[in-house]
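Taken together, the values in this text are just the output of simple stated rules run on the coordinates, not laboratory data. As the structure is a prediction and not an experimental result, all values here were calculated from the model. We place every Cβ from the backbone using ideal geometry, glycine too, and count neighbours over all the protein chains shown.
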Amino acid sequence: MAAWLEHASTWLVDHHWGPYLFALLLLVAFAECAIFLGFVVPGETALVLGGALSATGVFPLAAFLPSAVVAVVAGGAVGYGVGSRYGVRIQASRLGQRLGEARWAAAQSFFDRHGSKAVFFGRSVALLRALIPALAGMSGLAYRSFVLWNVVGGVLWGSAVVVLGYVFAHSLTSLENGLKYWTYAVVALILLGLVTLHLRRRSRDRAGVV
């Protein structure tokens, strides 16, 4: 997998696709909360991939990480604005109905339990991350409270996910080498166990004959 990632990264750089992919990943992270795209493509997938590509040199981490945080926070702010402006009509719309009553109910229950803090805690779950900003706007949560938790959650969650992808890509080669040796060890143990079992059976058979 490490070789494949390195090959893909080289191809992207050679064909000058880096800037386009940079923009696409940020768009996905933004749209997750802004237009509920998270039900199709979770934002963390885009951010983990962006972190991994930063590790392989497709684009610099110093550019992608802060851009990702801005995209995540901006997406939440737009989601709040949409919920505040259109209210319950969002849930009654064709898109809202396609999301399903169960998802809306689960997100609403979470928001009712945690209040404004749900904007922060909801970052860890794709369903909540996509719906909570809109629900905050629909419920009339004060924008000052929303901004605080949206920024704190966006900075911490966005940074953590990007760094996770970056560290994963950096350690992938070492991990694969380690797993390779572990595989050899497991195979050796299995063979040793089979040989031991075979010798015990032969020993019992001989004892029975005697």
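Structure above, values below:
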item	result
Net dipole in debye of the stretch 2-171 [+1 Lys, Arg Cβ; -1 Asp, Glu Cβ; about Cα centre; nearest 20]	680
Inter-label distance, nm, simple model (7 Å from Cα along the C-beta direction), VAL125/ALA142	2.7
Contact order normalised by residue count of the stretch 2-171, Cα under 8 Å, 6+ apart, percent	33
Charge-dipole axis of the stretch 1-152 as Lys and Arg at +1 and Asp and Glu at -1 on Cβ define it, positive-most pick from LEU26, HIS16, GLY51	LEU26
Label-point gap, in nm, between ALA102 and VAL88 - each point 7 angstrom along Cα→Cβ	2.4
Burial ranking of peptide ranges 42-48, 86-92 (average Cβ count within 10 Å, highest at the top)	42-48, 86-92
Net lengthening on full extension, LEU24/VAL167 (0.36 nm per residue, minus Cα-Cα)	49.3 nm
Mean Cβ neighbour count within 10 Å, used as a protection proxy, ranking 49-62, 27-40, 94-107, 137-150 highest first	27-40, 49-62, 137-150, 94-107
For the stretch 57-172, alpha-carbon Rg and Dmax in angstrom	15.5, 47
